[in-house]
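Single-structure report; data block below.
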Amino acid sequence: MSGATDVLAGWEPGSFTAAGITHSTFRKGMGPGVVVVHEIPGITPLVTKFADEVVDAGFTVVMPSLLGTPGKEPSGPYIARSSLRLCKVPPCRERALHGLQSEVCTNRR
């Protein structure tokens with residue numbers, strides 16, 4: 001493993017589906033269950049470090065990956081992309097924010 005996945009070494013990958021939407025999950029530990037839910041932008045190394053501390057305290061931890069790339073270090077652009085995905089910004093506005101489109105988005109949904 002390398003890069004973003006190094007911090008997830010030892011975590012068992014899985015998935016969870018509800019309302020037709022599937023998210024990856026990561027599970028580790030033995031004992032009572034704890035769900036660790038990340039903030040924006042996703043499961044970062046600091047979130048995984050916290051989850052490892054909960055495992056070390058004797059719990060089973062499951063982390064659903066709701067946004068982003070699991071294990072990736074946060075950065076300004078990465079946080080912005082994750083935020084845009086969460087808010088479901090119309091694609092034309094997202095392109096305009098990245099300087100890829102100059103016209104104003106006129107189709108309102």
To two decimal places, what compactness ratio does segment 23-90 give when its Cα radius of gyration is scaled by 2.2 N^0.38 Å? 1.18
DSSP loop trypsin sites (Lys or Arg not before Pro) in segment 23-89 with at most 16 other Cβ atoms within 10 Å of their Cβ, which ones? K88
Order the peptides 55-64, 39-48, 8-17 from the highest to the lowest mean number of other Cβ atoms within 10 Å of their residues. 39-48, 55-64, 8-17
Estimate the FRET efficiency between E73 and E53 by the formula 1/(1 + (r/R0)^6), using the beta-carbon distance for r and 22 Å for R0, to the nearest 0.05. 0.70
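Values quoted throughout were computed directly from the atomic coordinates according to the rules given, and no laboratory measurement underlies them. Since this is a predicted model, take the numbers as computed values, not measurements. Neighbour counts run over all protein chains shown; Cβ positions are idealised from the backbone, glycine included.
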